[in-house]
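**Q** Here it is: the structure, laid out below.
The values are calculated or read from the model by the stated rules, or taken from the named source; none is laboratory data. Please read all numbers here as calculations on a predicted model, not as lab measurements. Methodologically, a virtual Cβ is constructed for each residue, glycine included, from the backbone with ideal geometry; neighbour enumeration extends over all protein chains shown.
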Amino acid sequence: MKLDFDAPPHDPFDVFTAWFEEAAEKAGLPNPNAMTVATATPDGRPTARIVLLKQYDHRGFVFFTNRESRKGVELGENPRAALLMHWDTLDRQVRIEGSIEPTTDAESDAYFSSRPLESRLNAIASDQSRPIEDRASLEARRARVDATHADGSDPARPPHWGGYRLRPERFEFWQGHPFRLHDRVTYVADGDRWKTMRLMP
Ligand SMILES: Cc1cc2nc3c(=O)[nH]c(=O)nc-3n(C[C@H](O)[C@H](O)[C@H](O)COP(=O)(O)O)c2cc1C
């Protein structure tokens with residue numbers, strides 16, 4: 001979709017969907033749903049890492065993780081985040097900012113049970129973001145998890161593993177142009193509507 005930056009659509013989700021589908025279908029990227037998630041400590045120290053966007057709709061953008069990880073602890077204390085997607089071969093960037101809430105247990109269960117068995121067992125074995133002595137200790141943790149599921153029982157989702165949904169308050173769509181005269185448009189939530197504004201590159 002060629003976005004008309006002078007007369008952008010009213011709904012930023014329409015733009016996101018069009019760009020995301022193009023990134024998935026045409027950009028030749030192995031992980032078009034990879035995005036940087038920036039969080040911050042309550043005293044304003046930012047941290048960032050990549051996660052995969054797994055679901056989105058008008059309620060927000062969902063990723064899954066360990067809620068006791070560094071990001072999880074920061075989101076518990078300061079439930080705001082920024083998302084960033086960069087689709088290099090399309091010369092596009094999307095920024096999304098907003099508040100964070102955990103997904104429901106039913107949503108987390110549904111996604112957890114859709115994952116391959118290996119991923120579920122590894123999620124159970126890993127206390128994400130905590131220090132560990134060496135690779136052998138990590139593999140020993142995984143072996144202990146395997147032993148407790150040797151009867152073939154379906155591994156249950158650990159209570160600290162689940163999703164977060166970012167409810168967007170601001171979007172920015174960025175289209176690169178040669179020699180830096182890029183196009184940018186922001187959408188800022190204004191009640192039920194979105195106010196758009198073109199920004200200089
Ligand atoms: C392409 C890619 C996808 C990733 N997807 C996820 C993900 O969906 N969830 C997740 O918890 N970590 C994911 N990671 C690992 C995170 O970047 C990070 O190492 C981990 O979540 C711990 O971050 P934290 O210590 O800041 O909490 C991914 C990493 C890469 C490079």
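**Q** Could you please find all residues in segment 39-61 being near the ligand (Cβ under 10 Å from one of its atoms) and surrounded by fewer than 19 Cβ atoms within 10 Å (Cβ to Cβ)?
**A** Passing the criteria: 47, 48, 49, 50, 51, 52, 54.
**Q** Select, from 72, 76, the only residue that is modelled with pLDDT of 95 or more, within 19 Å of residue 157 (Cα to Cα), out of contact with any helix residue (DSSP H, G or I) (no Cβ under 9 Å at 6 or more places or on another chain) and within 14 Å of the ligand (Cβ to nearest atom).
**A** When all the criteria are applied, what remains is 72.
**Q** Something else now. Given 115, 67, which one is in contact with a His (Cβ under 7 Å, 6 or more places away or on another chain), more than 9 Å from the ligand (Cβ to nearest atom) and under 27 Å from residue 131 (Cα atoms)?
**A** Residue meeting the stated conditions: 67.
**Q** Another question, if that's okay. Within segment 142-180, count every residue that is of a type outside the set (A, V, I, L, M), under 27 Å from the mean Cα position of the chain (by Cα) and under 19 Å from residue 68 (Cβ atoms).
**A** 11
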